[in-house]
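The values are calculated or read from the model by the stated rules, or taken from the named source; none is laboratory data. If you're wondering where the values come from, they're calculated on a predicted model, not measured in any experiment. Glycine also receives a Cβ, built like all others from the backbone with ideal geometry; neighbour counts cover every protein chain displayed.
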Amino acid sequence: MNSPVQTVIASAVKPEVTTFFDEPTNTLSYVVKDPASAACAVIDSVMNLDYPSGSISFTGADQIIAFITAHKLQLEWILETHVHADHLSAAPYIQQRLGGRIAIGFNISVVQETFGRVFNAEPGFARDGSQFDLLLREGDTIRIGQLAGTSMHTPGHTPACMTYVLGDAVFVGDTLFMPDGGTARADFPGGDAHTLYRSIQRILSLPEDMRIFVCHDYLPNGRELEYETTVGAELQANIHVHRGISESVFVEMRKTRDATLGMPSLILPSLQVNMRAGHFPPADASGQLFLKLPVNAFGGADISSLIS
C-alpha cells in the first residue's frame, strides 16, 4: 500500500503557487491554488509589527486577501509550518475576512507548554492546541479542492514543524533554505540538530524533481530574492546538507554555527502571538493589549542584585 506522500506524488498535480515577500522579516508567504478549481490555501502569513512603536499593521496580509478576492478564489486552508519566532502570524485576520481553517502540527502543545512557562501565560491559556481549527499529524490528508496533499512531521528546528506536500510542491517552513542558505538553526527550546538532520533526509528522499518552497530567504551574498528550488538541487548544492554530508558532520556544523547566532529580533512578541494561533493575550481591564518582555529568558547577566 502506498504511503500518503507516495499517493500525493503519484497524482502528479502541479498546483499554482503565488509568492508574497515580507522584506522586514525576510518571510515568504504563499497562496497555493488547485489548478482544477478556485480552491486555495495560504501558507505562513505575516502580521506586521513595528517593534519600536508597538504598532500593528496588515500590509502583507491585505495583499494576500486582495489577490484571493481579485481572482475569485475560495480559501479553504490557512496553514502554519510551525510556531514562527521571527514574525507574527496573520492567520486569524485572514480567516475573519475570507474563511478557511487554521491548521498547524500536533506538537504545538509542546511549544505551548514550554513558552507558556517562559511568558508566565494567564491561567486560562490552553496548552492543548485548541486555539487552532485542526492539529495535523504525520500523513494527515490536506485536500484543496481536487488537489491532494499531505503533512509530514519534520521536527528539529522546533518540535511542531510540519512540511506540507501539495501535489508536486513541498513547503518546508524553516527546515531548509535555498541551497546557498543552508538549513534552519536547531538551538531553540525543543530543537535538536540530530532530529533536524533526519527530518531533512526525509524531505530529500522525495523525487528529485519535486519543487521546494522555502519560508525565508536572507539574500546571501547580496543576490536577488529566491524562494523555489528542487529536491535535486538541494541534494546537489545545499551548503549544509548536500548529498554525502553525514549526520555527525551536520550536527557539529549546526551546533558550532548556532552558538554564534543572536536571537531573532521579533522572537518575544512572535512566540506570544503565534502560540495562540495569531491572537494576542487577553487585554487588561482598560482594554489595552500588552506583550511581555521576559528578562533573561534566553540568557544574560546576573541581575539578582537589581531586583527590588
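Filtering the stretch 200-215 to residues that are surrounded by 16 or more Cβ atoms within 10 Å (Cβ to Cβ) and out of contact with any strand residue (DSSP E or B) (no Cβ under 8 Å at 6 or more places or on another chain) leaves only Leu204. Scanning the stretch 108-161 for residues that are closer than 23 Å to Leu73 by Cβ, among the hydrophobic types (A, V, I, L, M, F, W, C) and in contact (Cβ under 8 Å) with a residue 40 or more places away in the chain turns up Phe132, Ile142, Ile144, Leu147, Ala148.
Taking the listed residues Pro264, Pro220, the one that is surrounded by 15 or more Cβ atoms within 10 Å (Cβ to Cβ), within 24 Å of Asp44 (Cα to Cα) and either in contact with a His (Cβ under 9 Å, 6 or more places away or on another chain) or not β-branched (Val, Ile, Thr) (or both) is Pro264, with no other qualifying.
Looking only at the stretch 59-74, count how many residues are surrounded by 16 or more Cβ atoms within 10 Å (Cβ to Cβ) and either in contact with a helix residue (DSSP H, G or I) (Cβ under 6 Å, 6 or more places away or on another chain) or of a type in the set (Val, Ile, Thr) (or both). Qualifying residue count for the region: 4.
Restricting attention to the stretch 132-161, the residues being assigned to a loop (DSSP other than H, G, I, E, B), touching a helix residue (DSSP H, G or I) at 6+ places or on another chain (Cβ under 9 Å) and surrounded by fewer than 18 Cβ atoms within 10 Å (Cβ to Cβ) number 3.
Of all residues in the stretch 119-131, those being more than 16 Å from Glu80 (Cα to Cα), exposed (fewer than 13 other Cβ atoms within 10 Å of the Cβ) and not acidic (Asp, Glu) number 4. Just one residue in the set Gly60, Gly54 is touching a Ser or Thr at 6+ places or on another chain (Cβ under 8 Å) and closer than 17 Å to Pro269 by Cβ; that residue is Gly60.
I need the full set of residues from the stretch 92-106 which are at negative phi and either at pLDDT below 95 or assigned to a loop (DSSP other than H, G, I, E, B) (or both), in order please. Walk me through it before giving the result.
Of the stretch 92-106, the ones at negative phi are 92-98, 101-106.
Residue satisfying the conditions is Phe106 alone.
When Asp128 is tested against (1) out of contact with any helix residue (DSSP H, G or I) (no Cβ under 6 Å at 6 or more places or on another chain); (2) among the charged types (D, E, K, R); (3) in a loop (DSSP other than H, G, I, E, B); (4) over 21 Å from Pro15 (Cα atoms), exactly one condition is not met: (1).
What is the one condition in (1) within 23 Å of His279 (Cβ to Cβ); (2) part of a strand (DSSP E or B) that Ala85 does not satisfy? Failed condition: (2).
Yes/no matrix, rows are residues, columns are (1) out of contact with any Asp or Glu (no Cβ under 7 Å at 6 or more places or on another chain); (2) of a type in the set (Val, Ile, Thr):
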| position | (1), (2) |
| --- | --- |
| Asn120 | yes, no |
| Gln131 | yes, no |
| Arg143 | yes, no |
| Gln146 | no, no |
| Thr150 | no, yes |
| His157 | no, no |
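Residue count for the stretch 293-308, restricted to those that are assigned to a loop (DSSP other than H, G, I, E, B), free of Cβ contacts under 8 Å to residues at least 12 places away in the same chain and among the aliphatic types (A, V, I, L, M): 4. Among the residues of the stretch 36-70, those that are over 24 Å from Leu147 (Cα atoms) and among the aromatic types (Phe, Trp, Tyr) comprise Tyr51, Phe58.
Would you say Ser53 is closer than 23 Å to Pro159 by Cβ, of a type in the set (S, T, N, Q) and without any contact (Cβ under 8 Å) to a residue 60 or more places away in the chain? Criteria not met by Ser53.
The residues listed here are Ser109, Ser89; of these, the one that is hydroxyl-bearing (Ser, Thr, Tyr), at pLDDT 95 or above and farther than 21 Å from Ser29 by Cβ is Ser109. The residues on offer are Ile142, Ile104, Ile65, and the sole one that is of a type outside the set (Gly, Ala, Ser) and within 24 Å of Thr183 (Cα to Cα) is Ile104.
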